[in-house]
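What follows is a short report on a single structure.
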Amino acid sequence: MNIILLGAPGSGKGTQASMISERYGLPHISTGDIFRANIKAGTDIGKVAESYIKAGKLVPDEVTCEIVKRRLAEEDCKNGYLLDGFPRNIYQAEVLDSFAKIDLCININIDHALLMDRLCGRRVCAKCGESYHVSTLGGATTCAKCGGELIQRKDDNPETVSARLAVYNDQTAPLINYYTDKEIIFNCTGTEAPASTLFAVVSAELDKFIG
Ligand code: AMP
């Protein structure tokens with residue numbers, strides 16, 4: 001089964017994606033993670049992506065679509081995959097439709113007033129990617145799961161977050177109608193729910209398809 005996770009930055013997409021990937025054995029493909037790995041490794045793609053990510057803008061479509069096309073052609077995607085952070089605009093969705101068949105789009109709705117605090121207070125494990133909020137860490141600087149160092153993403157600062165939210169509203173939110181029209185959307189809400197509560201809702205829907 002080929003799934004897209006849609007939602008504003010900070011809606012909890014990444015956390016849901018990890019839980020879905022683990023439960024259903026689907027590869028979790030996050031374009032943001034791919035770009036960050038390329039930046040860390042100093043590749044040409046990383047060099048292109050870095051300035052866009054720092055500014056909270058979208059990396060150019062040609063670069064992003066090519067990366068996803070290649071990744072989906074890999075062996076582990078033969079029986080399905082979970083896309084997190086792609087597509088991010090209508091053009092990318094149309095390109096995706098030209099080489100993939102998407103079965104379900106899970107859209108996480110969230111009250112946008114919460115997002116600035118969620119993102120600016122977010123700390124992520126540099127080793128396993130687990131995400132936390134400073135308000136619940138009690139001063140801890142290491143990951144409770146794997147002991148890795150907790151860091152703040154470079155794009156989780158107020159200025160970049162504002163730009164990312166504007167990009168979401170202008171370019172990504174129209175995808176809700178795009179997938180509603182295709183009748184493959186499942187809407188849920190991430191506002192107050194802890195990740196496990198939202199996952200119970202999401203997995204009940206997925207069980208109908210995957211079992
Ligand atoms: P994320 O980890 O999904 O929040 O993505 C971090 C950043 O990577 C975004 O703010 C964009 O700059 C870039 N990025 C991730 N996915 C895409 C995409 N599908 N298209 C263009 N840029 C992307």
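Read-outs throughout are calculated quantities, based only on the coordinates presented, and are distinct from any laboratory measurement. From a predicted model like this one, the values you see are computed outputs, not experimental measurements. Backbone-built Cβ (ideal geometry, glycine too); neighbour counts: all protein chains shown.
With Cα atoms defining each centre, the range 96-127 and the range 44-73 are spaced 17 Å apart in the structure.
When you filter the GluC sites (Glu not before Pro) in the range 25-119 for DSSP loop state and at most 14 other Cβ atoms inside 10 Å of their Cβ, you are left with Glu74.
Adding -39500 (n - 2.57) for every DSSP H run of four residues or longer, then dividing by how many residues the chain holds, sets the calculated 222 nm ellipticity at -13500 deg cm²/dmol. Among 39-45, 158-164, the peptide with the highest mean count of other Cβ atoms within 10 Å heads the list, and the full ranking is 158-164, 39-45.
Counted over the chain, the DSSP beta bridges are approximately 25% antiparallel. Charged side chains reduced to their Cβ positions (Lys and Arg at +1, Asp and Glu at -1) give the chain a dipole of some 520 debye around its Cα centre. Between Ile108, Leu82, His28, whose Cα lies farthest towards the positive end of the dipole of the chain when Lys and Arg beta carbons carry +1 and Asp and Glu beta carbons carry -1, centred on the Cα centre? Towards the positive end, the residue furthest out is His28. Which of rounded, prolate or oblate describes the range 25-123 when judged by the alpha-carbon gyration tensor and an a/c cut-off of 1.5? Note, shape of the range 25-123 comes out oblate. Sorted into 10 angstrom bins from 0, the C-alpha pair distances of the chain split as 8, 34, 41, 16, 1 percent. Across the chain, the relative contact order, built from alpha-carbon pairs under 8 Å that are at least six residues apart, equals 31 percent.
Need one word for the range 126-206: rounded, prolate or oblate. Basis is the Cα gyration tensor (sqrt eigenvalues a ≥ b ≥ c); a/c below 1.5 gives rounded, then a/b vs b/c decides.
Oblate shape, in that a/c is at least 1.5 and b/c is the bigger or equal ratio.
Compared with the alpha-carbon gap, the fully stretched path from Met116 to Ala200 is longer by 27.7 nm at 0.36 nm per residue.
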